[in-house]
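Here is the structure we will look at.
The values are calculated or read from the model by the stated rules, or taken from the named source; none is laboratory data. Just so we're clear, the structure is a prediction, and the values are computed from it rather than from any experiment. Heads up, the Cβs are rebuilt from the backbone with ideal geometry, glycines too, and the neighbour counts pull from every protein chain shown. Keep in mind that these areas ignore ligands, DNA and RNA; they rest on the heavy atoms of the full protein, side chains included. Shrake-Rupley method; radii C 1.70, N 1.55, O 1.52, S 1.80 Å.
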Amino acid sequence: MSVHTSTPPQSVECGQCGDQFILPATAGSFCSPECHTEHRREKRAGDFFETLEHDHRFCSTCGRQLKEIEKPPERNSAGKSITDAAIGWEHVTDHGEFGVKSSVVQDDDDDEPDLPDLDFEDGHDPVYVFEYDGDTYNVGTYRDFRNPLESSIRADEPVPTGTICRCGQTDHKHESETLRKRLPFTTAHYLTLAVDTLRAEEKTDVRVDRERLFEAVLEGESTREAFASAVVL
């Protein structure tokens, strides 16, 4: 007489909803095609918000474009190349205004951006800015750059600046769901405009269904959840 034993079905956790399910899985680790689709949409949405954060022109909270960038000259007044560190002339849009951050980065290395010493005077627009070690710094106005005065700040001791958004966000890299909830449909609108701008510049290939986005906001979903549900695959 032979005895046959059966292996009990193996259950695993879904990579999206977290429920336990019996194999086989969809796409390797999902309990259903719906969970796989939701995962793909959330990943695409996450990629978009990361692009938005690192672009520096947009508010990561509401999607408004705070700045327009005018590319800098290839060399400064001393004839030295500045394009490696320079962002350019930042023109603030109607959605933002410049503000000074609370800390100053001190760097004792020999790798400071090669920028001229410039006098910093309030009230001149646009200001000249550059990016260093992930932060944005203000080193003078357009007039100061073209007609250097006796320096009052040094390029190796820059003044950190940020742009305050009309939504109330003081750091474009941060996301605040509290601020988003104040005007959720306005936030959704400006996020769709940011998608259009970045797609036109070939910085993202994400597409969103505008009607679905507004429906999800109306249903009370968070901005991230609503945006993800509206991503077109």
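Quick notes on this structure:
- Qualifying residue in the stretch 218-225 (condition: out of contact with any Lys or Arg (no Cβ under 6 Å at 6 or more places or on another chain), within 17 Å of His39 (Cα to Cα) and open to solvent by less than 20 Å² (accessible area, probe 1.4 Å)): no
- Selection within the stretch 193-222 - at pLDDT 95 or above and of a type in the set (Val, Ile, Thr): Val195, Thr197, Thr204, Val206, Val208
- Filter result for Thr178 (open to solvent by 30 Å² or more (accessible area, probe 1.4 Å), of a type in the set (Ser, Thr, Tyr) and modelled with pLDDT under 95): yes
- Restricting the stretch 190-211 to residues that are assigned to a helix (DSSP H, G or I) and open to solvent by 60 Å² or more (accessible area, probe 1.4 Å), the residue that is nearest to Thr93 (Cα to Cα): Leu193
Table: residues versus (1) in contact with a His (Cβ under 6 Å, 6 or more places away or on another chain); (2) open to solvent by 40 Å² or more (accessible area, probe 1.4 Å); (3) of a type in the set (Lys, Arg); (4) modelled with pLDDT of 90 or more.
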site	(1), (2), (3), (4)
Pro33	no, yes, no, no
Gly46	no, no, no, yes
Phe49	no, no, no, yes
Arg57	no, no, yes, yes
Cys62	no, no, no, yes
Leu66	yes, no, no, yes
Asn76	no, no, no, no
Glu90	no, no, no, no
Asp108	no, yes, no, no
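- Those residues of the stretch 23-63 which are assigned to a helix (DSSP H, G or I) and of a type in the set (Lys, Arg), in sequence order: Arg40, Arg41, Lys43, Arg44
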